[in-house]
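The values are calculated or read from the model by the stated rules, or taken from the named source; none is laboratory data. None of these values were measured; they are calculated from a predicted model. All Cβ positions, even for glycine, are placed from backbone atoms using ideal geometry, and neighbour counts span all protein chains on display.
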Amino acid sequence: METIEQIVAMPRIGDQAPEFKAITTQGEINFPADYKGKWVILFSHPADFTPVCTSEFMTFAKMEQEFAAHNCQLVGLSVDGLYSHIAWLRTIKEKIEYRGMKNVEVKFPLIEDITMNVAKKYGMIQPGESSTKAVRAVFFIDPKGIIRAIIYYPLSLGRNFDELMRALVAMQTADKHSIATPADWRPGDDVIVPPAGSCGVAKERMDNVEAGVKCYDWFFCTKELPVENV
Ligand code: BEZ
């Protein structure tokens, strides 16, 4: 018998992504091993044949190639069964035209999770919101299988896909250039250089500001990072 603590246990940023094997609309997957070397967005949605989820799936499908261009694969999940998933995805392709999107084929795997095994491992069942449906969770998992960011939305709120892409690119840019990104950062904006680790470095930074670097104070310096280097 599972305790409520096990049901609502949540992986945290910096944790190894919990492992599972699952049946999906694209065959069986072994997670995260099958995705080694790639970023993954693992996301849950409450239910098939529902309007907010349909708008989200069409948008994820439309952006799949853009995510792939950033070495990122999409994996969806709901606590519905495989045949429901297949029927819903067929309906989306054959019947739904929404905001200029039509004939949309969802090619990324959608996990069937009737047992809620995966949803519970990832803290996607949040009983205060619903004990029978997953909330809208988004896990960003890096090429080493580490959870790097988590966003949760309630059932009624469709996700912001610009933000999902922005967060992915910002984390990849932070890794590549050893920088951080300020509020509302977009590719091409200035980035934050690591803070000075000693009084000497702090003084040096303020006295001799390098070209392309701007210091607002000793602990807050930015530098240019042209969009083509992101
Ligand atoms: C929806 O996707 O439209 C939805 C799903 C569950 C609850 C509320 C809305």
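Tabulated data for the structure shown
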item: Among residues of segment 13-63, those that are free of Cβ contacts under 8 Å to residues at least 40 places away in the same chain and hydroxyl-bearing (Ser, Thr, Tyr), counted; result: 1
item: Every residue from segment 34-79 that is of a type in the set (D, E, K, R), out of contact with any strand residue (DSSP E or B) (no Cβ under 7 Å at 6 or more places or on another chain) and within 16 Å of the ligand (Cβ to nearest atom); result: GLU56
item: Matching option when the condition is within 16 Å of the ligand (Cβ to nearest atom), among the basic types (Lys, Arg) and out of contact with any Leu (no Cβ under 9 Å at 6 or more places or on another chain), among ARG159, ARG205, ARG166; result: ARG159
item: Of the criteria (1) within 13 Å of the ligand (Cβ to nearest atom); (2) of a type outside the set (Gly, Ala, Ser); (3) buried (at least 19 other Cβ atoms within 10 Å of the Cβ); (4) closer than 22 Å to PHE20 by Cβ, which one THR132 fails; result: (3)
item: Criterion violated by GLY76 - all others in (1) loosely packed, with under 12 Cβ neighbours inside 10 Å; (2) outside any loop (DSSP other than H, G, I, E, B) satisfied; result: (1)
item: Condition met for THR115 (hydroxyl-bearing (Ser, Thr, Tyr), part of a helix (DSSP H, G or I), surrounded by fewer than 21 Cβ atoms within 10 Å (Cβ to Cβ) and modelled with pLDDT of 95 or more); result: no
item: From ALA180, ALA167, residue being surrounded by 16 or more Cβ atoms within 10 Å (Cβ to Cβ) and of a type in the set (Gly, Ala, Ser); result: ALA167
